[in-house]
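What follows is one structure encoded as structure tokens, with my remarks underneath.
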Amino acid sequence: MKKGTNFFFSLSLFLFYHPFFIVMKQLFKSFNIRDHFNTRLKLFTLYIILVTVLVVAWIQFDNLKQLNNYEQPELPQFSTSEIDPAIWSIQIQENETIISQQSIFPTSAFSSSIVESHLPFVTAIITRVDDSHDGILHTIQHLLKYPFIKEIYIYNQVKSKPLTVKEFHGNSSNNNVRIEIMDINPGLYSMGKFTACAMATYEKCYFQDDLWLNTFLDSLYTHSQRYTDHVVVNTRPVNYIDYKKWRFSNKEKLLHAGYTDLRYGAFVSRQKVQAFLSQLSTQGLGTAKLKYAEIYFSIWFNQYPYLISNPLLSYGRERFKGLDTINNRKLIEYYMYDALLLLETSIQNSKSSLTEQDDYFDKLDLAPLEEERDVRSSCSNDRCLFITNMNTMPNVDSVQFSSDAISNIAAYETLYNQTNPFIPLTNTYMYQSYHKAVDRNTETCWNSLQKPKMGDYFGLYMTGDIRAKRVMLYTTNHYEESLDKVFRLTVQHRVYGPWDDCEIKLIPTTQLNHRIGFDFKCPNGDLLKSIRIHFLQDQQVPFELCSIGIDNFVV
């Protein structure tokens, strides 16, 4: 890249994403939302147009071949024909109960008068990619059920079929949610939605495409409040193995990055998105790369995304059984590697710099570390999260990433598979995924794959609280010893609180066919936030869990 054009582009991004951004934000706050809605929308549209003009102008100065040190392969582009289409009638009919279920959070929990609740509002940014109206209408109507969603930006990439705000508020009693429609050039792809988040009213953003109904929003929101600095991402089981492989570690290089796709549902702090825009101002990406800003955001976050493995409602029932549902895999791998190169170089330059220089990249690995994380999947009723320290995938540092030794993502995967020969196949994981333990179906089961060791545990983290004195485990495992010699039970009464040991009391129906259970008594009462069941000794076979019952609460 020529130094002059690189300087022009970097300076322009810096000006747009710093002083102008601040001025615009302050200007917006000076307007009353109800009385000056049109003025605010015009200003916001003007901002988007200015950014678009800047990008178009840059095309005239940029030569794509000079942006890369190696030749970019010819790769297919995203199109609606290759994205999983949504057949809403089938999904809604078969999942009517969970779709019609209201949020566990009452509207009063978000009242400004309840200071101690600490429950913040969220701005949802929904990308419209479905050519029909059904996808976006169902998605927005579903979001309006949740009282923490207070603002919605619709990032409309299908300008041939315009939308109006009245279409979304018509069948909803929740008219207090502000909805804005942004008709943006689809050539910008994900760049516009990051700009929308940066300009959002609230501190947390929720990203999703209109091809899905995410019925796990209460539990994901709860978890994102527990770890506010992390990207908490909903990941389909069919993608879970790939996304777990695509974690890149190198302690010496301060690298702890990972890839994820925001289109399935992700909670991200607005501050992290603003930091990403600042990163762009220092890196000077060309327009070809800016179109895939979402890939760069995921890697440049330089933190492993907190992946929650959940199936989503969309399309037909059999289609997702294919071996590869990652659209444009080669394209994603290409830009993922490029993002890693830039991240690696930027961190190295900041370490060797003699002056204090902020490149906006995180250097420290946020707690909890990858190996300490235990939340795996949402319960099917969205009232809890399944937790276990038994990891399907190997530790993240089993392979050290370095561009000096690894020339592309395919080479990294080859090395990863050689180092970790017992990684489950995608199809194997799909039918034994974490979600199978809490899908309210005793015929489907999660399998630990590895033999549990002493101290390994599984359990539930509740969205709210629960009173309980009995545990029932639906499992294919059977034990000759009494269950108080096999398990230890601990509970947590509040978030971040200590784990208390509880006394296990055997009951007459301790072990039945495919079901084991026991009563328990805790020293500090029976109102619980989380529960863990630990193994007291190494096991001879893997553990299989088909369902959990906590008193009358069964998932």
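Descriptive notes on the structure:
- Tally of residues being under 14 Å from Leu473 (Cβ atoms), touching a strand residue (DSSP E or B) at 6+ places or on another chain (Cβ under 7 Å) and part of a strand (DSSP E or B) across region 506-534: 10
- Which listed residue is among the aromatic types (Phe, Trp, Tyr), touching a Gly at 6+ places or on another chain (Cβ under 8 Å) and either free of Cβ contacts under 8 Å to residues at least 12 places away in the same chain or more than 19 Å from Asp362 (Cα to Cα) (or both), from Tyr202, Tyr243, Tyr292, Tyr264: Tyr243
- Criterion violated by Arg488 - all others in (1) in a strand (DSSP E or B); (2) of a type in the set (Lys, Arg); (3) free of Cβ contacts under 8 Å to residues at least 40 places away in the same chain satisfied: (3)
- Against the criterion of being within 26 Å of Tyr221 (Cα to Cα), modelled with pLDDT of 95 or more and either under 28 Å from the mean Cα position of the chain (by Cα) or assigned to a strand (DSSP E or B) (or both), Gly459 qualifies.
- Whether a residue is on the phi < 0 side of the Ramachandran plot, at pLDDT below 90 and in a helix (DSSP H, G or I) was assessed, and Asp359 does not pass this test.
- For region 442-455, the set of residues classified as open to solvent by 30 Å² or more (accessible area, probe 1.4 Å) and either within 17 Å of Ser309 (Cα to Cα) or β-branched (Val, Ile, Thr) (or both) consists of Thr442, Thr444, Leu449, listed by residue number.
- Across region 159-197, the number of residues qualifying as assigned to a loop (DSSP other than H, G, I, E, B), closer than 18 Å to Thr139 by Cα and either at pLDDT 85 or above or of a type in the set (A, V, I, L, M) (or both) comes to 7.
- Residue count for region 473-485 under the criterion of being within 35 Å of the chain's Cα centre (by Cα) and either surrounded by fewer than 20 Cβ atoms within 10 Å (Cβ to Cβ) or of a type in the set (Ser, Thr, Tyr) (or both): the result is 4.
- Leading residue by the ranking (surrounded by the most Cβ atoms within 10 Å (Cβ to Cβ)) among those in region 131-146 that are out of contact with any Leu (no Cβ under 9 Å at 6 or more places or on another chain) and in a loop (DSSP other than H, G, I, E, B): Leu144
- Asp465 meets the conditions (1) modelled with pLDDT of 95 or more; (2) part of a strand (DSSP E or B) in every case but one. The failed one is (1).
- In region 397-435, the residues that are in a helix (DSSP H, G or I) and under 14 Å from Tyr240 (Cα atoms): Thr426, Asn427, Thr428, Tyr429, Met430, Tyr431, Tyr434, His435
- Only one of Ser314, Ser353 that is modelled with pLDDT under 90 and crowded, with 20+ Cβ neighbours inside 10 Å: Ser314
- Counting only helices (runs of 4 or more DSSP H) that sit completely within region 198-294, those holding 3 or more residues that are crowded, with 21+ Cβ neighbours inside 10 Å and either modelled with pLDDT of 90 or more or under 19 Å from the mean Cα position of the chain (by Cα) (or both) correspond to 217-226, 237-245, 270-283.
The values are calculated or read from the model by the stated rules, or taken from the named source; none is laboratory data. This is a predicted model, so every value here is computed, not measured. Because the Cβ atoms are built from the backbone with ideal geometry, glycine has one as well, and the counts that use them run over all protein chains shown. Just the protein is used for accessible areas: all its heavy atoms, side chains included, with ligands, DNA and RNA removed. Shrake-Rupley method; radii C 1.70, N 1.55, O 1.52, S 1.80 Å.
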